[in-house]
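Scroll down for the structure; my scribbles are underneath it.
The values are calculated or read from the model by the stated rules, or taken from the named source; none is laboratory data. Just so we're clear, the structure is a prediction, and the values are computed from it rather than from any experiment. No Cβ is skipped: glycine too gets one built from the backbone with ideal geometry, and neighbour counts run over all protein chains shown. In case anyone asks, the SASA skips ligands and DNA or RNA and just uses the protein heavy atoms, side chains included. Shrake-Rupley method; radii C 1.70, N 1.55, O 1.52, S 1.80 Å.
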Amino acid sequence: MTTVWEAAPAAISTLKDLGYTNVCFVGGVACSLYGNPRTPHDLDILILDASIDQESLKRRVCDQNSSFFLVPSKKIGATYKVLWYRKPRYSYSRSYYSSYDSYSYTSTTDTSGAIK
């Protein structure tokens, strides 16, 4: 399962790549950074210099970084989508070349980790 702490750097990096530099964490992540022992389960980000609406911004994040994707809200009557993050996972397989061991990996994905 992807943790908020794995999604946070990817989100900030992607937003910076899109030109958003006035970005900060709010909510549970911000409280955790200040020592609150509660474990956050989502990532709330405040973007101070965004000139477009939230839905357009979420689509731009997905277009910029394929680790992000949108899913419809589960809230009845909601028209917005929720931004999620999937991090690459690697599985290792062992193969032998003469007397040496060699390891190779193949990429799979983990589709968990909501970002608001």
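Quick notes
- Val23 being surrounded by 11 or more Cβ atoms within 10 Å (Cβ to Cβ), within 16 Å of Thr3 (Cα to Cα), touching a strand residue (DSSP E or B) at 6+ places or on another chain (Cβ under 7 Å) and at pLDDT below 95: no
- Taking the criterion of being loosely packed, with under 10 Cβ neighbours inside 10 Å and in contact (Cβ under 8 Å) with a residue 24 or more places away in the chain, no residue of region 52-79 qualifies.
- Qualifying positions in region 1-43 - among the aliphatic types (A, V, I, L, M), more than 14 Å from the chain's Cα centre (by Cα) and assigned to a helix (DSSP H, G or I): Ala30, Leu33
- Selection count, region 34-51, where residues are free of Cβ contacts under 8 Å to residues at least 24 places away in the same chain and touching a strand residue (DSSP E or B) at 6+ places or on another chain (Cβ under 7 Å): 1
- Any chance Asp49 is part of a helix (DSSP H, G or I), on the phi < 0 side of the Ramachandran plot and open to solvent by 20 Å² or more (accessible area, probe 1.4 Å): no
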